[in-house]
Amino acid sequence: MKKLLIASAVSAALAAPTVALAQAARAPTLGQVLDASGISVNGYIDAGYSHADRNIEGGAGSGVSTRVFDAQNNSFALHQFGLSVSKLPKEGFGGLVNFTVGSDAQVIHSLPEGTGAGSSMFDITQAYAQYSGGPLTLIAGKFATLHGTEVIWSPSNANVSRSILFGAVPFTHTGVRATWALNDTVSLIGGVNNGRDQLTDANRDKTVELGATLNPIRPLNISISGYSGKEPAPLPTSTSSGTRTSINAVGSYSITDAISVGAELLNVSQDVPVGGGATTSQKYTGVAGYGSYTFTRKLRGALRVENFDDKDGLKFGVTGTKYREVTVTGAYLPADNFEARAELRRDQASNQVFRDYQGALSKSLMTIALQGLYKF
């Protein structure tokens, strides 16, 4: 009996470190802790290189730039480090914070913060509180626009560069938004905000947003949205205000698991004061088509074509000019969390608006771009 007790004690002593190690091995990871708490953390790094046959920086004296982000020629750039932290339960209260760091952050700032070279490379792109109850979802704070096919979050786009239409609509809004899910296929959206890309309202008038998302059949998604409210005219430097109305429609259809297509329509009009209490209406319109084909699990191709009619010079400042753009992008996905892209893009204008390095104007602009996307 004595020998049995001694053997049991020795066995317990020897087993104790093993048990401790096993318990340590079972300690939850940070990811498991976050998952258990309902907090989601994800992000990406978007870095690349671009080269153009002409000046693409835009601005006074350098011609028109149809680009939104890739404004530096023959240059490497950290376009974006994006991070999103959220807790968005199906019922009850939650919230989301989305940061963007890099050269693209200089473009998407909301007023009153300045934009362009020299401005901060850090941007709080979205930050809102949310309440969900049944079919109703309410958010309040700063959030992304309803307009457009493409988004700020780089991994969600199929091309390296952004379209002309992406730069012709707002990036974000600050206000309140309500979404009511009528059923599994139709949702209605309504809200009130400070205007377009305005953390602090540029005037006392508010902008109203309305939208709807439709999913009549599984492969087809349609979204329609509109904004209307008084804005400085012409944006963004005028002290006079006029009603600006924009209507946008986006549709996407998955033909097969490998092939998808999409289309976008945009119409923007602005009432511009001309003196004596009278106003004149200026507008621009655009249409774009998108397509992607997954050749294999690691290879994908994407095509984008668009036409943009800036008939009154409201967007780019050159009256009576039409723009066309074609972009072809190839992507290689060696791993689930990494993507390498190469892109060829050609912009064509009806007038000579693109300025080269010797100061001469041309109707065309050709660029190539390389991009690396790491996702986590």
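The values are calculated or read from the model by the stated rules, or taken from the named source; none is laboratory data. Just so it is clear, the structure is predicted and the values come from calculations on it, not from any experiment. Glycine gets a Cβ as well: all are built from the backbone with ideal geometry, and neighbour counts include every protein chain shown. Calculation scope for accessible area: heavy atoms of the full protein, side chains included, ligands and nucleic acids excluded. Shrake-Rupley method; radii C 1.70, N 1.55, O 1.52, S 1.80 Å.
Rounded, prolate or oblate, given the Cα gyration tensor of region 185-268, with a/c below 1.5 counting as rounded? It is prolate, given that a/c is not under 1.5 and a/b is the larger ratio. In terms of overall dimensions, the C-alpha atoms belonging to the chain reach 110, 46, 44 Å along their principal axes, ordered largest to smallest.
Extending 7 Å from the Cα toward the beta-carbon at both residue 97 and residue 140 defines two label points whose distance is 1.9 nm.
For the pair residue 182 and residue 267, the difference between a 0.36 nm per residue extended length and the Cα-Cα distance amounts to 27.9 nm.
Classification of region 143-209 by its C-alpha gyration tensor yields an oblate form. The axis ratio a/c (a ≥ b ≥ c) is 1.5 or more, and b/c is at least a/b.
Over the chain, with a Gaussian network built from C-alpha contacts below 10 Å, which listed residue (245, 207, 185) shows the highest mean-square fluctuation? Taking springs between Cα atoms under 10 Å, the residue moving most is 185. What FRET efficiency, computed as 1/(1 + (r/R0)^6) with R0 = 51 Å and r the Cβ-Cβ distance, is obtained for residue 210 and residue 360, rounded to the nearest 0.05? So, using R0 = 51 Å, E works out to roughly 0.65.
Of all DSSP beta bridges confined to region 73-185, the antiparallel ones make up roughly 100%. Taking 205, 347, 70 in turn, the Gaussian network model of the chain (Cα-Cα springs below 10 Å) assigns the largest fluctuation to 205. Remark: the residue 199-residue 274 segment gains 24.2 nm on full extension, using 0.36 nm per residue and subtracting the alpha carbon distance. Taken one residue at a time, the phi angles of region 81-98 give Karplus couplings (6.51, -1.76, 1.60, θ = phi - 60°) of 10, x, 9, 10, 10, 8, 9, 10, x, 5, 10, x, 9, x, x, 9, 10, 10 Hz. Gly and Pro are set to x. A Gaussian network model of the chain, with springs between Cα atoms under 10 Å, assigns the largest mean-square fluctuation among 260, 156, 241 to 156. Full extension of the segment from residue 335 to residue 113, taken as 0.36 nm per residue of separation minus the current Cα-Cα distance, would add 76.1 nm. Helical content of the chain, expressed as a calculated mean residue ellipticity at 222 nm, amounts to -3000 deg cm²/dmol (DSSP H runs of 4 or more residues, -39,500 (n - 2.57) each, divided by residue number, nearest 500). Average projection, convex hull of the Cα set of region 277-376: 9.7 square nanometres.
Close lysine pairs were tallied over the chain: pairs 8 or more places apart or on different chains with Cα atoms under 13 Å apart number 6. Counting only protein heavy atoms and a probe of 1.4 Å, the accessible surface of region 50-139 is 62% carbon and sulfur.
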